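Right, one structure below, let's go through it.
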Amino acid sequence: MEKSYRTNNIIFATLVLLTLFTWILGQKDIIGDISEIIDGKAFFLILLSIAIIKVHLIGDFFMHLNTVSGFWRWIITLWVMLTGSFIAIAFLL
Amino acid sequence: MYIQESIKTKYPPGDLALWIFICAELLVFAIFFAAYAFTRASNIELFNQYQATLNTDLALLNTIALLTSSYFVVSAIISIKENKQKQSTRFLFLSIIGGCAFLIMKMTEYSHHMSEGINLTTNLFYMFYLSLTFFHFMHVILGIMILLVLWLNTRKGLYTADNHDGLVSGGAYWHMVDLVWLILFPLIYIMK
């Protein structure tokens with residue numbers, strides 16, 4: 001069970017760090033205008049990738065889908081990939 | 001215990017009916033997110049202009065509040081697996097505090113918008129922003145009510161190491177509320 005607590009702590013810390021990184025990317029007064037540093041599409045893809053990773057981590061570790069096999073193992077990941085694809089098409093095309 | 005945990009099951013932990021309900025909820029949110037993204041594609045300047053008026057600091061705190069609350073729900077489940085009811089009760093109470101913190105911050109944001117005369121008819125961006133976040137807000141309220149029931153049941157000792165499906169199912173719903181916000185936060189507040 002100690003292992004479970006440790007895993008929980010690591011996942012939580014990762015989620016918070018990724019959230020802080022997302023927020024920093026949106027702060028003009030901290031990093032300047034992001035469009036002067038990276039391409040707008042790359043900026044969008046970084047933000048979307050972080051969101052997808054975070055949702056996958058919640059599904060796998062908080063909802064314990066990593067203990068499941070088959071279709072249900074991927075249900076949250078499938079959802080976020082589908083949603084992310086719609087968003088990506090709208091933002092990039 | 002580790003051997004037991006390493007065995008993969010066919011169905012997700014908790015009540016399968018609730019998981020089907022979670023899938024239906026996620027599908028509705030996916031349609032909302034797609035609608036926002038495609039509407040934005042035809043009104044990029046308007047969306048970027050009004051997105052800049054949103055408070056990203058409060059949105060960050062909202063995200064941290066939900067993540068922390070979810071963390072405590074997972075901790076409560078781990079505790080109940082060790083038959084530590086009191087510890088589990090404390091963790092669930094902390095998760096409710098996290099959810100309430102989210103509601104208070106969101107209401108602060110809404111009251112600020114209302115004081116500026118912003119409503120659903122102000123423009124297309126605010127129509128999406130207010131309806132999407134309020135739809136999620138209602139789910140947070142329902143999630144907190146579920147957490148309250150779980151907290152009361154745990155206090156009464158209804159969950160044990162061998163019987164805690166209700167706790168796991170309720171926890172899964174709360175995590176769903178959390179992961180929807182993890183998409184909503186960058187999509188509405190940050191992505192340009």
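Scan the stretch B:60-86 residue by residue and report those that are more than 8 Å from chain A (Cβ to nearest Cβ) and either under 14 Å from B:Ile190 (Cβ atoms) or surrounded by fewer than 16 Cβ atoms within 10 Å (Cβ to Cβ) (or both). Can you show your working first?
Filtering the stretch B:60-86 down to residues more than 8 Å from chain A (Cβ to nearest Cβ) leaves B:61-62, B:65-66, B:69, B:72, B:76-77, B:79-80, B:83-86.
B:Leu61, B:Asn62, B:Asn83, B:Lys86, listed by residue number.
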Given (1) surrounded by 19 or more Cβ atoms within 10 Å (Cβ to Cβ); (2) out of contact with any helix residue (DSSP H, G or I) (no Cβ under 9 Å at 6 or more places or on another chain), index of the condition B:Ile20 fails | (1)
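When the stretch B:24-39 is examined, which residues are found to be free of Cβ contacts under 8 Å to residues at least 12 places away in the same chain and open to solvent by 40 Å² or more (accessible area, probe 1.4 Å)? Before you say what the answer is, go through the steps one by one.
Taking the stretch B:24-39 and keeping what is free of Cβ contacts under 8 Å to residues at least 12 places away in the same chain, we get B:24, B:27-28, B:30-31, B:34, B:38.
The answer is B:Ala24, B:Leu27, B:Val28, B:Ile31, B:Phe38.
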Could you list, in sequence order, the residues of the stretch A:63-93 that are outside any helix (DSSP H, G or I) and more than 7 Å from chain B (Cβ to nearest Cβ)?
-> A:Leu93
Pairs, please: C-beta under 6 Å, at least 6 apart or cross-chain, first residue modelled with pLDDT of 80 or more and in the stretch A:30-46, second assigned to a helix (DSSP H, G or I) and of a type in the set (Phe, Trp, Tyr)?
-> A:Phe44/A:Phe91
When restricted to B:Thr63, B:Thr68, B:Thr9, the only residue over 25 Å from B:Ala161 (Cα atoms) and hydroxyl-bearing (Ser, Thr, Tyr) is B:Thr63
Got a number for residues in the stretch B:32-54 being more than 9 Å from chain A (Cβ to nearest Cβ) and under 24 Å from B:Gly143 (Cα atoms)?
-> 1
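The values are calculated or read from the model by the stated rules, or taken from the named source; none is laboratory data. No experiment lies behind these values; they were computed from the predicted model shown. Because the Cβ atoms are built from the backbone with ideal geometry, glycine has one as well, and the counts that use them run over all protein chains shown. Note: areas computed on protein heavy atoms with side chains; ligands, DNA, RNA excluded. Shrake-Rupley method; radii C 1.70, N 1.55, O 1.52, S 1.80 Å.
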